[in-house]
Amino acid sequence: MQLLSFKRQGKTSFGARLGDGVFDLGARLSSRFRDLGEVVAANALSELRKLVDACKADFSLADITYLPPIPAPEKIVCIGVNYANRNEEYKDNSALPKYPSIFMRTPGSLVGHNEPLRRPRESQELDYEGEIAIVIGRGGRRIPKERALEHIGALTVLNEGSVRDWLRHSKFNVTQGKNFDRSGSIGPWMVTTDELDPARELRITTTVN
């Protein structure tokens, strides 16, 4: 499934993408779920599949304003320097890190697909960074490595906009350059693991126009 959150005619909802259209799941499930975040938290993605399999679109994608797929995530955890060549870009002859670099983003730092990013007036250096984002499905704690993929609910793409000069304001902390209001975007939709296997090698391409 390709699931999205959106606004249409002043109302916020969520649905499934069907070609160039949207099947409005929120209109049918509003008594149980306010948004996709609640669906994921309830481990109810499989329930949506039963509705989507035999449905027709209610309206066109052109009629909606995209929102981040999960409008109010509990947390957004980001992994920095997450491939070998990235470490080489620093040109400081440092060894590959033993542990990942981790930082957080706030929900307000991301907008939905097709929404403009906002470069803060404090900087001229707003950069794009194409990333794959994982939507955690089933929760847990102290999950064994070999069971980790079972907890992924979906994947989406993210333009992890970075205010480059602010990343260098502190030696060990990039958070201040990653959290300006509306500086990145996510979506347009999230693809559930019944359609896209998270164990596959995945690649994304960033196009700048």
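The values are calculated or read from the model by the stated rules, or taken from the named source; none is laboratory data. Since the model is a prediction, treat every value here as computed from it, not as a measurement. No Cβ is skipped: glycine too gets one built from the backbone with ideal geometry, and neighbour counts run over all protein chains shown. Just the protein is used for accessible areas: all its heavy atoms, side chains included, with ligands, DNA and RNA removed. Shrake-Rupley method; radii C 1.70, N 1.55, O 1.52, S 1.80 Å.
Quick one: net charge around Ser109, please, counting Lys, Arg +1 and Asp, Glu -1 for every other residue with C-beta under 9 Å from its C-beta.
Overall, the nearby charge balance is +2.
Looking at the chain as a GNM with Cα springs under 10 Å, which of Leu18, Leu196, Leu96 has the largest mean-square fluctuation? Residue with maximal mean-square fluctuation among Leu18, Leu196, Leu96: Leu96. Counting charges near Gly153 (Lys, Arg +1; Asp, Glu -1) among other residues having Cβ under 15 Å from its Cβ returns a value of -4. Taking a straight Cα-Cα cut-off under 25 Å and skipping sequence neighbours fewer than 8 places away in the same chain, the lysines within cross-link reach of Lys56 are Lys7, Lys11.
When the helices in the chain are scored as -39500 (n - 2.57) per DSSP H run of 4 or longer and the sum is shared across all residues, what 222 nm value do you end up with, to the nearest 500 deg cm²/dmol?
Working: 5 runs with 28 residues, N = 209.
Taken over the chain, the calculation gives -3000 deg cm²/dmol.
How charged is the neighbourhood of Val22? Take every other residue with its Cβ under 12 Å from the Cβ of Val22, and add Lys/Arg as +1 and Asp/Glu as -1. Please report the intermediate quantities before stating the final value.
Numbers: positive: Lys7, Arg8, Arg17, Lys56; negative: Asp20, Asp24, Asp58, Asp63.
Summing Lys and Arg as +1 and Asp and Glu as -1 gives 0.
Leaving out ligands and nucleic acids, and using a 1.4 Å probe, what accessible area per residue does the chain come to in Å²?
Working: 13300 Å² over 209 residues.
Ligands and nucleic acids excluded, the figure is 64 Å² per residue.
For the range 1-160, with all protein chains in place and a probe radius of 1.4 Å, 49% of the accessible heavy-atom surface sits on carbon or sulfur.
Projecting the Cα atoms of Thr156, Thr65, Leu45 onto the charge dipole of the chain, computed from C-beta unit charges around the Cα centre, puts Leu45 farthest toward the positive end. Taken over the Cα atoms of the chain, the convex hull encloses 149 Å³ per residue.
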